[in-house]
1. Which residues, taken from region 139-149, are surrounded by fewer than 21 Cβ atoms within 10 Å (Cβ to Cβ) and either assigned to a strand (DSSP E or B) or at negative phi (or both)?
2. Could you run through region 105-121 and say how many residues are surrounded by fewer than 16 Cβ atoms within 10 Å (Cβ to Cβ) and more than 23 Å from Cys77 (Cβ to Cβ)?
3. Just one of (1) buried (at least 17 other Cβ atoms within 10 Å of the Cβ); (2) within 16 Å of Asp5 (Cα to Cα); (3) at pLDDT below 85 trips up Pro72, so point out which.
4. What is the residue count in region 229-251 for residues that are at pLDDT below 85 and either of a type in the set (S, T, N, Q) or in contact with a Gly (Cβ under 9 Å, 6 or more places away or on another chain) (or both)?
5. Return yes or no: is Val254 closer than 24 Å to Leu122 by Cα, at pLDDT 85 or above, β-branched (Val, Ile, Thr) and out of contact with any Ser or Thr (no Cβ under 7 Å at 6 or more places or on another chain)?
6. If I go through region 36-64 residue by residue, how many of them are closer than 22 Å to Pro93 by Cα and β-branched (Val, Ile, Thr)?
7. In region 252-271, what residues are assigned to a loop (DSSP other than H, G, I, E, B) and touching a residue at least 24 places away in the same chain (Cβ under 8 Å)?
8. Would you confirm whether or not region 235-246 contains a residue that is touching a Leu at 6+ places or on another chain (Cβ under 9 Å), assigned to a strand (DSSP E or B) and closer than 19 Å to Asp128 by Cα?
Amino acid sequence: MFVSDLRHFLDLPDDTPAPALRLAEQLRDIVRAATAGEPGAGWVSALRCRRRPGHRRCQGRIFVRRTGGQAPIGWACTVCRDEGCISGWQDTPHDLSDGFVWEGTAKDVVVSDDVVAGVRELSLLDADGERVAYRARSHDGHIVLSATDEQLDELLGYLAAEAHHETAPTTASRDEPGTPLASPRSGPAPTPVRAGVPDLDVARVQRWCAARVPEPARHQVRVECEVGARDLTIVERRPPWRDDTGPDWTSLPVARLRYAKTAKTWTLCWRDRHLRFHLYNRLPPSAHVNELLTEIDRDPTHVFWG
């Protein structure tokens, strides 16, 4: 049995050997899969085994089990029986258990390996989207993705945006969780192509962002809006604080407004310290984006502005 502590596989140096990087990636994915749903009975995930016995890739899938609390996550390959347990996973950027919410009626959709792998690799996914992707399970030789109509609609939108480069952020690119965002421009960015979000609501949010900071202070701080395939992300931007850091302004996400195209409603999400977004439970979905902006202004729990 391979006993590991996930904290030893975080922030690996650039010169880490390739086999160690692949192992770290596998352990992180196992943690994501095991924490994507509620704790309890184990299940066979869509994750493939990393081993290559006899120089041939193992055809097994990874069985995962999370009992809850601080207990280690158990895992095993369904074919070669490679197995292990992972501790130190709690509260890492790969822990998806925090803020788990299941809303609506889920349906099972059979997808290919390529599709589920593509969904997992989407750079636009927030924590809720990752939960859907990593909940995919192997059943009777098929990969089954369980999601509501709204979640499937969002995933399809993200896939289309990545495939056709439809998402052009107004302030900064969305990097890996935990990585600071930096804009290639120090001034206002051009209006991007929008895919699935109402233009009028985009204009409302952009106007609200512009009003957050008085004109005389905009050389020090700005509040702007990133337009995604199915969401708007409000970011706070600041100029470089030292001359040797270059001319690029940095960006820090404040909140994300997710649009459900089928229901025509907006949902508010807050950002944790790992730069992951979670559902804001104090405000129900609304057809009026201004209600979400008002709640961000109020910030009764201090999760948006601190």
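1. His139, His142, Ile143, Val144, Ser146, Thr148, Asp149
2. 4
3. Here Pro72 meets the rest and fails (3).
4. Residues in region 229-251 being at pLDDT below 85 and either of a type in the set (S, T, N, Q) or in contact with a Gly (Cβ under 9 Å, 6 or more places away or on another chain) (or both): 3 in total.
5. Considered against the rule, which asks whether it is closer than 24 Å to Leu122 by Cα, at pLDDT 85 or above, β-branched (Val, Ile, Thr) and out of contact with any Ser or Thr (no Cβ under 7 Å at 6 or more places or on another chain), Val254 comes out as yes.
6. 2
7. The initial filter retains those residues of region 252-271 that are assigned to a loop (DSSP other than H, G, I, E, B), namely 261-264.
Lys261, Thr262, Ala263 - these are the residues of region 252-271 that are assigned to a loop (DSSP other than H, G, I, E, B) and touching a residue at least 24 places away in the same chain (Cβ under 8 Å).
8. Let us first name the residues in region 235-246 that are touching a Leu at 6+ places or on another chain (Cβ under 9 Å), namely 235-238.
Filter again for assigned to a strand (DSSP E or B), leaving 235-238.
Within this subset, residues satisfying the condition of being closer than 19 Å to Asp128 by Cα are none.
Scanning region 235-246 turns up no residue that is touching a Leu at 6+ places or on another chain (Cβ under 9 Å), assigned to a strand (DSSP E or B) and closer than 19 Å to Asp128 by Cα.
The values are calculated or read from the model by the stated rules, or taken from the named source; none is laboratory data. Bear in mind that the values here come from a model prediction, so they are computed numbers and not experimental data. Glycine gets a Cβ as well: all are built from the backbone with ideal geometry, and neighbour counts include every protein chain shown.
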